[in-house]
Amino acid sequence: MRVSERTKEILQRLDDRYGLEIICSLDYTSDLELLVATMLSAQCTDERVNLTTPALFQKYKTIEDFANIDINEYSAIKEYLKSIKQ
């Protein structure tokens with residue numbers, strides 16, 4: 001069996017067992033929010049991320065908002081994310 005045939009068979013078995021529906025438990029409304037939430041979810045549970053990110057996303061709505069955070073605002077960001085590190 002060639003590798004591509006084997007890969008197709010494995011993927012088909014996974015589809016048969018788990019279905020094709022992809023469910024994301026992170027709350028997001030944009031690609032940027034999903035990216036940030038995914039990065040944060042590596043540190044804690046998705047549930048904790050979903051509790052933490054609404055306030056963060058309300059203040060920082062665009063990638064430019066995140067990129068242009070003043071160094072003096074760094075402590076404010078830490079406050080948003082404090083519960084994730086616990």
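The values are calculated or read from the model by the stated rules, or taken from the named source; none is laboratory data. For clarity, every value in this text was computed on a predicted model and none was experimentally measured. Ideal geometry is used to build each Cβ from the backbone, glycine not excepted, and the neighbour counts take in all protein chains shown. What goes into the accessible areas is simple: the full protein's heavy atoms, side chains included, and nothing from ligands, DNA or RNA. Shrake-Rupley method; radii C 1.70, N 1.55, O 1.52, S 1.80 Å.
For Tyr28, indicate whether it is touching a Leu at 6+ places or on another chain (Cβ under 9 Å), hydroxyl-bearing (Ser, Thr, Tyr) and open to solvent by 90 Å² or more (accessible area, probe 1.4 Å). For Tyr28, the condition - touching a Leu at 6+ places or on another chain (Cβ under 9 Å), hydroxyl-bearing (Ser, Thr, Tyr) and open to solvent by 90 Å² or more (accessible area, probe 1.4 Å) - is met. For region 43-78, taking the residues that are more than 29 Å from Ile23 (Cα to Cα), modelled with pLDDT under 85 and surrounded by 11 or more Cβ atoms within 10 Å (Cβ to Cβ), the one that is nearest to the chain's Cα centre (by Cα) is identified as Ala76.
Could you list, ordered by first residue, the pairs with Cβ atoms under 6 Å in which the first is in region 21-46 and in contact (Cβ under 8 Å) with a residue 12 or more places away in the chain and the second is among the hydroxyl-bearing types (Ser, Thr, Tyr) and open to solvent by less than 70 Å² (accessible area, probe 1.4 Å), at least 6 apart or interchain? What qualifies is Ala37/Thr53; Asp46/Ser25. Filtering region 31-42 to residues that are charged (D, E, K, R) and exposed (fewer than 14 other Cβ atoms within 10 Å of the Cβ) leaves only Asp31.
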